[in-house]
Amino acid sequence: MDSFVIEGGKRLEGSIRVHGSKNAALPLMAAALLSDQPVTLRDVPDLADIRNMLKLLAELGCERQNEPGPNGSVGGTVVLRSEDESRIHARYDIVRTMRASICALGPMLARRGRARVSMPGGCAIGDRPVDLHLRGLRALGAQITLEGGDIVASAPAGGRLRGDTIFLGGPFGSTVLGTANVMSAATLAEGTTIIESAACEPEVVDLANFLNRMGAKITGAGSPRITIRGVDRLGGADHAVIPDRIEAGTFMCAAAITNGSLTIENCPVDALLAVVDRLEHAGVHLETMDGSDPFHATCRVTADRVLKPIEITTQPHPGFPTDLQAQFMALLCLADGNSIITERIFPERFLHVAELGRMGAHLFRAGPTVVVSGVKRLTGAPVMASDLRASAGLVLAGLAAEGTTVVNRVYHLDRGYERLEERLAPLGARIKRVPESA
Ligand code: EPU
């Protein structure tokens, strides 16, 4: 397993471009199962999860139609077409490598009338149940059982789901992929579906826009109430994936934690208002260039002094995203005073806490809350995290720490950030990948 070796303490300066969003691309790719026509997705990031999704779709008879990019890249433009609609089993072997495989359930059930998807297990950030996905699909008339660890779903007699009004709220708010699953399935249902307490995340809006291009009739995406009028069939579509708001937020933190100055291009500032608000409270300067499209803006982030402590509570969008909690914790380790971070989406998502402690951070956890007592410096250390965003937090800490930090098992990071080391090095970061065999 590869590691990153980081010599910290270098100020980052220069320009960096945000890539397409992983969490938008995965359900978009799964939506290709809803049609027998080719769909084209642009700006797909070159990531391990995308590779896994391509593998899963191929097993389900939905093949990539264009050649992959140079050097084996799976990203860029991806053309998908469902050619063999008889295959319906998303096997455990793939699902265990990528929880987002659950995205295939709704589209497959709606189009093929049946689906068998291995039940995703818990993961490093918590239990992560799928009860809300199943509740939504049952409301559309699906029969669902659990057989041998697989979710086995079938549409009512006649093979078509039927619209209904569905409440998708749970104890931790709505569900992003659950909303994606139910919304996708409802596009081909008979009649109208209303999803109440739908997730409002930008990735859900991107999916709705794509489905509408395919011929669906969806209104209200981005609000808690989404209405879907079912249609008989969906066609092909051509769509550019939105930029990754979490990658953009991570780059903002990279500028701030190194007292640097980064120009972030293709930055979805409009999807990051809670993040911008917190950074500004901490004393980071953000400037969006005049005339920029707020979803593809050019944004300069500068931090030239010790940051002020802040409070952060993760919430569903448009609140502060859980996927940036670890990165902000790294940042606040170096603020001048006590910050408080409360995790309201995944209350166990704190794998980075003990590792940051190994770098000299002062952190006190009580349940879903961590008090971050700012220190003057972090010191490099070997660290490891078994979660994507926790790893990103450790890389940020390593960029600011004195001495050498080795972040082990960066395959977690590679799931969500494309060649991060190659993109940070030209900005002044001393970071290199050390392959497992070295
Ligand atoms: N939940 C339930 N029942 C369900 C589904 C979810 O109780 O059936 C709970 C979860 O346990 C959690 C909360 O609801 O407490 C929200 O979970 P959600 O379903 O929204 O998460 P998800 O859709 O599985 C996506 C992202 C995550 C991101 C969350 C929250 C993808 C592929 N994953 O997961 O991204 O943290 O939304 O915003 O889109 C990441 O990129 O590192 C990542 C983990």
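The values are calculated or read from the model by the stated rules, or taken from the named source; none is laboratory data. All values derive from a computational prediction rather than experimental measurement. Cβ sites come from the backbone with ideal geometry, for glycine too, and all protein chains shown count toward neighbours. Areas reflect the complete protein model, heavy atoms only, side chains present, ligands, DNA and RNA absent. Shrake-Rupley method; radii C 1.70, N 1.55, O 1.52, S 1.80 Å.
Do we have any residue at all in segment 158-170 that's of a type in the set (Gly, Ala, Ser), open to solvent by 20 Å² or more (accessible area, probe 1.4 Å), within 13 Å of the ligand (Cβ to nearest atom) and under 24 Å from ARG389 (Cβ atoms)? Yes, because at least one residue in segment 158-170 is of a type in the set (Gly, Ala, Ser), open to solvent by 20 Å² or more (accessible area, probe 1.4 Å), within 13 Å of the ligand (Cβ to nearest atom) and under 24 Å from ARG389 (Cβ atoms).
When ALA48, ALA31, ALA24 are checked against the criterion of being of a type in the set (A, V, I, L, M, F, W, C) and open to solvent by 10 Å² or more (accessible area, probe 1.4 Å), a single residue qualifies: ALA48. For segment 334-369, taking the residues that are open to solvent by less than 10 Å² (accessible area, probe 1.4 Å) and within 15 Å of ARG278 (Cβ to Cβ), the one that is farthest from the ligand (Cβ to nearest atom) is identified as ALA335. Restricting attention to segment 102-122, and to residues there that are within 13 Å of the ligand (Cβ to nearest atom), modelled with pLDDT of 95 or more and out of contact with any Ser or Thr (no Cβ under 6 Å at 6 or more places or on another chain), which single residue is farthest from ALA186 (Cα to Cα)? Going through the qualifying residues, I end up with ILE102. Just the residues that are in contact (Cβ under 8 Å) with a residue 60 or more places away in the chain and under 20 Å from the mean Cα position of the chain (by Cα), please, taken from segment 129-182. Residues satisfying the conditions are PHE172, GLY173, SER174, VAL176, LEU177, ALA180, ASN181, VAL182. Any residue at all in segment 209-222 that's over 17 Å from ALA31 (Cα atoms), within 15 Å of the ligand (Cβ to nearest atom) and not hydroxyl-bearing (Ser, Thr, Tyr)? Among the residues of segment 209-222, at least one is over 17 Å from ALA31 (Cα atoms), within 15 Å of the ligand (Cβ to nearest atom) and not hydroxyl-bearing (Ser, Thr, Tyr), which makes the answer yes.
In this entry, ILE88 passes the filter for residues that are surrounded by 19 or more Cβ atoms within 10 Å (Cβ to Cβ) and away from the ligand (no atom under 16 Å from the Cβ). Looking across segment 301-313, the residues that are buried (at least 24 other Cβ atoms within 10 Å of the Cβ) and either farther than 11 Å from ILE257 by Cα or touching a strand residue (DSSP E or B) at 6+ places or on another chain (Cβ under 6 Å) (or both) come down to VAL301, ILE312. Filtering GLU265, GLU201, GLU190, GLU196 for residues that are open to solvent by 10 Å² or more (accessible area, probe 1.4 Å), within 16 Å of the ligand (Cβ to nearest atom), out of contact with any Phe, Trp or Tyr (no Cβ under 9 Å at 6 or more places or on another chain) and not basic (Lys, Arg) leaves a single hit, GLU201.
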